[in-house]
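Notes to accompany the following structure.
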Amino acid sequence: MSAEHAVVVIDNSASMNTLYEDGRTRLEASIEEAGSYVRKLHPGTGISVITSADEATLLYSNGETKNQAIDKIRSIESTNVSGDAHAGLEMV
C-alpha cells in the first residue's frame, strides 16, 4: 500500500470486549487486522498508532519501523470505559 503516512486508530473501549462467534474479541480482531495492514505498507511509510476510548492516546508517532508499530498495536489492552470516537478523530 502506498501512502506517505498511515495512522492506525484502534478503539479500545469496553464495547471492544464483545466476543465474535470464533471466540475472539472485537479488539483482538482489530489488532490482527491493523497488524496485517501495517505489514502491507511500503517501506519508508510513516506510521502512527492511536488508541481511542474515552480519550485518545498516541502510542507511536511517525515511525517507519513496521515491527515497532506492530508491537505497539499488539500491546493495546481493552478498557472498561465507554468510547468517544471524537477524541480519536480529533487527534488524527
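The values are calculated or read from the model by the stated rules, or taken from the named source; none is laboratory data. Nothing here was measured: the structure is a model prediction, and the numbers come from that model. Cβ sites come from the backbone with ideal geometry, for glycine too, and all protein chains shown count toward neighbours. We work out accessible area using only protein heavy atoms, side chains counted, and drop any ligands, DNA or RNA first. Shrake-Rupley method; radii C 1.70, N 1.55, O 1.52, S 1.80 Å.
Observations on the model:
- Using a cutoff of 8 angstrom between alpha carbon atoms and counting only pairs six or more residues apart, the relative contact order for the chain works out to 37 percent.
- Normalised alpha carbon radius of gyration of the chain [divisor 2.2 N^0.38 Å]: 1.06
- Within the chain, longest stretch clear of exposed trypsin sites (Lys or Arg not before Pro) (DSSP loop, no more than 16 other Cβ within 10 Å): 41-92
- The chymotrypsin sites (Phe, Trp or Tyr not before Pro) of the chain that meet both conditions, a loop assignment by DSSP and at most 14 other Cβ atoms within 10 Å of the site Cβ, are Tyr20.
- The figure for Leu59 is an accessible area of roughly 60 square angstrom, using a 1.4 Å probe on the protein chains alone.
- Carbon and sulfur %, accessible surface of the chain computed with the full protein complex present, 1.4 Å: 46 percent
- Stretch in the chain that is longest and holds no GluC sites (Glu not before Pro) that DSSP places in a loop and that have at most 15 other beta carbons within 10 Å: 22-54
- Helix 26-39 axis, angle to the chain major axis (alpha carbon atoms, nearest 10°): 0 degrees
- Each 5 Å bin, from zero up to the one with the longest distance, holds this percent of the alpha carbon pairs of segment 31-79: 5, 22, 34, 24, 10, 5, 1.
- Proximity of backbone amide H atoms, modeled 1.01 Å from N, is registered between Gly63 and Ile47 at under 5 Å, excluding neighbours fewer than 5 places apart on the same chain.
- Placing a pseudo-label 7 Å from each Cα along the Cα-to-Cβ vector at Asn62 and Ala3 gives an inter-label distance of 1.7 nm.
- The residues of the chain expose, per residue, 62 Å² of accessible area to a 1.4 Å probe.
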